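What follows is a single structure, written as structure tokens, with notes after it.
The values are calculated or read from the model by the stated rules, or taken from the named source; none is laboratory data. All values derive from a computational prediction rather than experimental measurement. When we count neighbours, we look across all protein chains shown, and the Cβ atoms used for this are built from the backbone with ideal geometry, even at glycine. Ligands, DNA and RNA are stripped out before the accessible areas are found, and what is left, the full protein with its side chains, is counted by its heavy atoms. Shrake-Rupley method; radii C 1.70, N 1.55, O 1.52, S 1.80 Å.
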Amino acid sequence: MTPPAMKALAGIRVVDFTSMIAGPYCTRLLADCGAEVLKIEEPHGDHMRTRPPLRHGHSAYFGHLNAGKKSVVLDLKSTGGRCAAQDLVANSDIVVENFRPGVMKRLGLDYAMLSAAKPDLVYCSISGFGQTGPRAGQPAYAPVVHAASGFDHTQFTYQDDQAKPAKTGIFVADVLAAVYAFGAIQTALIGRLRHGGGQFIDVALMDSMINLLVFECQEAQFPEKMRRPLYVPMRAQDGFVIVAPVNQRNFEQLADAVGRPDWKSDPRFATVAARTANWDTLMAAVEDWTAARTARDCEDRLMTAGVPCSRYLTVAEAMADPQLAARGSLARVTDGAGAFRVPNPPFQFADSSVGVGPSVPALGANTEEELKKVSGRKP
């Protein structure tokens, strides 16, 4: 029997002072790659432990973000709790925190204090607007940053007949900042390995969202007279589909698939420039075809023809897609209420060494053992 592959971050130890979404998702990715992650929680626990969906008092939302970690309860407002935290950091490689700027300094747990005792420490701070600048101290969660970054307004301008920006329910800024922080930490670890020394990393949700707006940042500086082509939901008999004829070949395949080969020589559509100028007309013509068919039929016919197309699925439907099962994209995780499914990281290693941990820690489950390791303190 082949032994399991060694995980890339095995032997790396992380002290995780984060809560909510951005920080915990970053540190969960570190755990997925083999790092030992000590989640530091106040005696009442991370707020996310109380958030639905709840099953017998256990939050699957929390579990999604914190599977594979250990839980250590410390009262950071007390001298003993802060000293215990310092001991844990002295025996670790990475610190991640997402308090508002200034909080960790007041606690004596900032990079300057901790790196004085451990010069090779990699320390990552995640915040709404960053650690410096006139807005550094302002409170911010993902919905606020979506609005402040221009993301929400851009989405608003891309819609037709919408009176105000859309509601926020999916926290893009949190997940995006988490992924950037995860990548930055890996870079700092490689820097430490090759050159020695630690690193302080400052990740801002605001900067993360600005990085997402690739076209929009350039268009804001050099406005175009004509609106860019937008991919729109097209009505089908039983729902909606999206069709994305991005390049010339896609367009020609689309024209043949919908029985309109004449489009290929139509001066309104024959070239990229012509289609851009007449995009809404083209999309309306395609919708005439989709509206006469079921969404599944549209998807099957167009995908078979080589035209990118998808039905609009619910999350439950997407999770049931055989493609995810074939790739092992979802993992079974267990907490105090039983098993549930959580997405594995969106990157796979050939040796199968990356994946979400199998269990969610109970509050304080590892406090005593972890504190004994570093100082003999009792929790």
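Numbers at a glance
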| read-out | value |
| --- | --- |
| Residue in the range 163-178 that is in a strand (DSSP E or B), small (Gly, Ala, Ser) and either touching a Ser or Thr at 6+ places or on another chain (Cβ under 7 Å) or in contact (Cβ under 8 Å) with a residue 40 or more places away in the chain (or both) present | no |
| Residue count for the range 95-148, restricted to those that are outside any helix (DSSP H, G or I), aromatic (Phe, Trp, Tyr) and closer than 20 Å to Val14 by Cα | 2 |
| Residue under evaluation Pro379, criteria (1) at pLDDT 95 or above; (2) in a loop (DSSP other than H, G, I, E, B); (3) in contact with an Asp or Glu (Cβ under 7 Å, 6 or more places away or on another chain), criterion not met | (1) |
| When residues of the range 200-210 are limited to those that are surrounded by fewer than 20 Cβ atoms within 10 Å (Cβ to Cβ) and in contact with a Gly (Cβ under 7 Å, 6 or more places away or on another chain), the one farthest from Ala116 (Cα to Cα) | Asp207 |
| Test: residue in the range 118-129 that is open to solvent by less than 10 Å² (accessible area, probe 1.4 Å) and in contact with a Cys (Cβ under 9 Å, 6 or more places away or on another chain) | yes |
| Pick from the range 207-235, criterion touching a Lys or Arg at 6+ places or on another chain (Cβ under 8 Å) and modelled with pLDDT of 95 or more, ranking: nearest to Thr18 (Cα to Cα) | Phe215 |
| Qualifying residue in the range 355-374 (condition: closer than 21 Å to Asp321 by Cβ, part of a loop (DSSP other than H, G, I, E, B) and not hydroxyl-bearing (Ser, Thr, Tyr)) | yes |
| Filter result for Lys105 (of a type outside the set (A, V, I, L, M, F, W, C) and open to solvent by less than 10 Å² (accessible area, probe 1.4 Å)) | no |
| Close pairs from the range 184-199: first within 11 Å of Leu121 (Cα to Cα), partner surrounded by 12 or more Cβ atoms within 10 Å (Cβ to Cβ) and hydroxyl-bearing (Ser, Thr, Tyr), Cβ under 6 Å, at least 6 apart | Gly198/Ser115 |
| Any hit, the range 145-167, residues being under 17 Å from Pro101 (Cα atoms), at pLDDT 95 or above, crowded, with 18+ Cβ neighbours inside 10 Å and among the hydrophobic types (A, V, I, L, M, F, W, C) | yes |
| Tally, over the range 277-313, of residues that are open to solvent by 40 Å² or more (accessible area, probe 1.4 Å), touching a residue at least 60 places away in the same chain (Cβ under 8 Å) and in contact with an Asp or Glu (Cβ under 7 Å, 6 or more places away or on another chain) | 2 |
| The one condition in (1) touching a Lys or Arg at 6+ places or on another chain (Cβ under 6 Å); (2) open to solvent by less than 30 Å² (accessible area, probe 1.4 Å) that Glu252 fails to fulfil | (2) |
| Hey, Gln323 assigned to a loop (DSSP other than H, G, I, E, B), at pLDDT 95 or above and open to solvent by 60 Å² or more (accessible area, probe 1.4 Å) or not | no |
| Long-range neighbours under 8 Å by Cβ, at least six apart or interchain, first residue at pLDDT below 95 within the range 355-374, second open to solvent by 20 Å² or more (accessible area, probe 1.4 Å) | Lys373/Asn91; Val374/Asp87; Val374/Ala90; Val374/Asn91 |
| Residue in the range 20-43 that is open to solvent by less than 10 Å² (accessible area, probe 1.4 Å), basic (Lys, Arg) and within 24 Å of Lys373 (Cα to Cα) present | yes |
| Near pairs, Cβ below 9 angstrom, 6+ apart or cross-chain, from the range 211-240 (over 27 Å from Asp174 (Cα atoms) and open to solvent by 50 Å² or more (accessible area, probe 1.4 Å)) to any residue that is of a type in the set (Lys, Arg) and in a helix (DSSP H, G or I) | Asp238/Arg296 |
| Criterion violated by Ala60 - all others in (1) surrounded by 21 or more Cβ atoms within 10 Å (Cβ to Cβ); (2) closer than 17 Å to Gly336 by Cβ satisfied | (1) |
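Conditions (1) of a type in the set (A, V, I, L, M, F, W, C); (2) without any contact (Cβ under 8 Å) to a residue 40 or more places away in the chain; (3) assigned to a helix (DSSP H, G or I); (4) farther than 24 Å from Asp335 by Cβ, marked per residue:
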{"position": "Arg28", "(1), (2), (3), (4)": "no, no, yes, no"}
{"position": "His44", "(1), (2), (3), (4)": "no, yes, no, no"}
{"position": "Pro52", "(1), (2), (3), (4)": "no, yes, no, no"}
{"position": "Arg82", "(1), (2), (3), (4)": "no, yes, yes, yes"}
{"position": "Gln86", "(1), (2), (3), (4)": "no, yes, yes, yes"}
